[in-house]
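Input: a single structure, listed below in structure tokens.
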């Protein structure tokens, strides 16, 4: 079961879809949670990276991707 994907643009993108789709994937049978990264221009090739997570991420969990200079000066 996949979460809603997030788009993370590539550094110096050359096209609107030049970047990565990032999703959480839960496998019911193996009870393994992964963070998977896909090349947005080649989704059909499968993930370019998989990270096994130690815990299940709740459905509906959201995140965003920002470059460090976009958050410089932000305070909690």
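Each reported figure results from applying straightforward, stated rules to the coordinates on display, with no laboratory input. Just so you know, these numbers come straight off a predicted model, no measurement behind them.
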Candidates 15, 49, 40: whichever shows maximal mean-square fluctuation once the chain is modelled as a Gaussian network with Cα springs under 10 Å: 15
If you look at just the Cα atoms of the chain, how large are its Rg and its Dmax in Å? 14.2, 44
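Suppose a student asked you for the relative contact order of the chain, using Cα pairs under 8 Å spaced at least 6 residues apart; what percent would you report?
25 percent
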